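The values are calculated or read from the model by the stated rules, or taken from the named source; none is laboratory data. In this text the structure is predicted, and so the values were computed from the model without any measurement. Please note: Cβ atoms are built from the backbone with ideal geometry, for glycine as well, and neighbour counts cover all protein chains shown. Heavy atoms of the whole protein, side chains included, go into the accessibility calculation; ligands, DNA and RNA do not. Shrake-Rupley method; radii C 1.70, N 1.55, O 1.52, S 1.80 Å.
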Amino acid sequence: QQQVKQSPQSLIVQKGGISIINCAYENTAFDYFPWYQQFPGKGPALLIAIRPDVSEKKEGRFTISFNKSAKQFSLHIMDSQPGDSATYFCAAREGTDKLIFGTGTRLQVFP
Amino acid sequence: GAVVSQHPSWVICKSGTSVKIECRSLDFQATTMFWYRQFPKQSLMLMATSNEGSKATYEQGVEKDKFLINHASLTLSTLTVTSAHPEDSSFYICSASFPGRGNTIYFGEGSWLTVV
């Protein structure tokens, strides 16, 4: 499988701060880049997604920044809240709806 | 609300028995569904692609005779773990893309399998 590299592995942020998670990919054929949020014991929930023809997408406190030339994309969580504490996965689609996942980032937001 | 549903949420079975997990797309038809496996504190690993009306496509290293996939209708895919062993204990998750929402990919709630 093509790899999607995700960092950091874990992240601790104070309430109100900005959480930033980064991902990088190699396959230029990827055409869809979603981010998923997963709470313990639950399936991944779609958070926000972007296509490579857009450099930034914002939905509420969540923003994806996409750098096509660098083959990198990142998730920014503004005004992080304790309820945001979860594991976040970036992913990339190969065009047949097959998703390749990053390794995940465990985010902890402390009050 | 949920667009992809899985059942059961958790199941415990004895070693050597088979267990079936269902994945349903709600309010949309999914010609393709995907099955993933996730170990604690690890990422999701794609096991197979479930194709309606045809054989599933398995990822390298996944035993097709052990993990039987059936996609008999446009809204239902099933994963059967045959002759389960304790090492098959894991979190199994399915996904499907929703054509009416730009092929956004949604996941089910997951199914915890414990083999004792």
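Using the 2.2 N^0.38 Å rule of thumb for compact globular proteins, work out how the protein assembly as shown stacks up: its C-alpha Rg over that value, please.
Working: Rg = 17.6 Å, N = 227, 2.2 N^0.38 = 17.3 Å.
Dividing the Cα radius of gyration by 2.2 N^0.38 Å gives 1.02.
What is the sum of charges around B:P99, taking Lys and Arg as +1, Asp and Glu as -1, for the other residues whose C-beta is under 14 Å from the C-beta of B:P99?
Details: positive: B:R101; negative: A:D97, B:D27, B:E52.
Combined, the nearby Lys, Arg, Asp and Glu give -2.
So which residues of the range A:17-60 lose at least 10 Å² of accessible area, probe 1.4 Å, when you go from the chain by itself to every protein chain present?
A:Y32, A:Y36, A:Q38, A:G41, A:K42, A:G43, A:P44, A:L46, A:R51
For chain B, report the accessible area per residue in Å² (1.4 Å probe, heavy atoms, rounded to an integer). Display every interim value, and only then the final one.
Numbers: 5680 Å² over 116 residues.
Ligands and nucleic acids excluded, the result is 49 Å² per residue.
Given a 1.4 Å probe and heavy atoms of the protein chains only, how would you sort B:H71, B:H7, A:H76, B:H85, largest accessible area at the top?
Working: B:H71 10, B:H7 120, A:H76 45, B:H85 70 Å².
Result, largest first: B:H7, B:H85, A:H76, B:H71.
Which residues of the range B:22-39 show a drop of at least 20 Å² in accessible area when all protein chains are present, compared with their chain alone (probe radius 1.4 Å, heavy atoms only, ligands and nucleic acids excluded)?
By number: B:F34, B:Y36, B:Q38.
In 10 Å bins starting at 0, how do the alpha-carbon pair distances of the range B:10-102 split up by percent?
17, 48, 30, 5, 0
Return, in residue-number order, each cysteine of the protein assembly as shown whose C-beta is not under 4.7 Å from any other cysteine's C-beta.
For the protein assembly as shown, the answer is B:C13, because their Cβ atoms have no other cysteine Cβ under 4.7 Å.
Residues of the range B:64-113 losing 50 Å² or more of accessible surface, assembly versus chain alone, probe 1.4 Å, please list them.
B:I105, B:F107
Given charges of +1 on the Cβ of Lys and Arg and -1 on the Cβ of Asp and Glu, with all other atoms neutral, how large is the dipole of chain B about its Cα centre, in debye to the nearest 20? Each step should come with its number before you reach the end.
Numbers: 9 positive and 9 negative charges, 9 e Å.
With only Lys, Arg, Asp and Glu charged at Cβ, the dipole is about 40 debye.
If you project the alpha carbons of the range B:59-116 onto their three principal axes, what span does each projection cover, largest first, in Å?
Largest to smallest, the principal-axis extents are 41, 22, 20 Å.
P(r) for chain A, please, calculated from all Cα pair distances in 5 Å bins and given in %.
2, 13, 25, 25, 19, 10, 4, 1, 0
For the interface of chains B and A, what total accessible area is buried with a 1.4 Å probe, rounded to the nearest 100 Å²?
Working: alone 6480 and 6210 Å², together 11100 Å².
Counting both chains, the buried surface is close to 1600 Å².
Select from A:F30, A:P40, A:F110 the residue farthest towards the positive end of the dipole of chain A; place +1 on Cβ of Lys and Arg, -1 on Cβ of Asp and Glu, and compute about the Cα centre.
Selected residue: A:F110.
Return the single residue from A:F66, A:F39, A:F101 with maximal mean-square fluctuation; model: Gaussian network over chain A, springs between Cα atoms under 10 Å.
Ranking A:F66, A:F39, A:F101 by mean-square fluctuation puts A:F39 first.
Taking a probe of 1.4 Å, how large is the accessible area per residue of the range A:61-111, in Å²? Before the final figure, lay out each step's value.
On the way: 2000 Å² over 51 residues.
Accessible area per residue, the range A:61-111: 39 Å².
Roughly how many percent of the accessible protein surface of the protein assembly as shown is carbon and sulfur, given a 1.4 Å probe and a whole-percent answer? List each step's numbers first, then the result.
Values: 5550 of 11100 Å².
Reported share for carbon and sulfur atoms: 50 percent.
Roughly how much of B:F67 is accessible, in Å² to the nearest 10, using a 1.4 Å probe?
My reading of the accessible area for B:F67 is about 10 Å².
Pick from A:I18, A:I64, A:I77: which residue has the top mean-square fluctuation in a GNM of chain A where Cα pairs under 10 Å get a spring?
With Cα springs under 10 Å in chain A, the top fluctuation among A:I18, A:I64, A:I77 is at A:I18.
Report B:V4's accessible area, 1.4 Å probe, all protein chains in place, as a number in Å² to the nearest 10.
0 Å²
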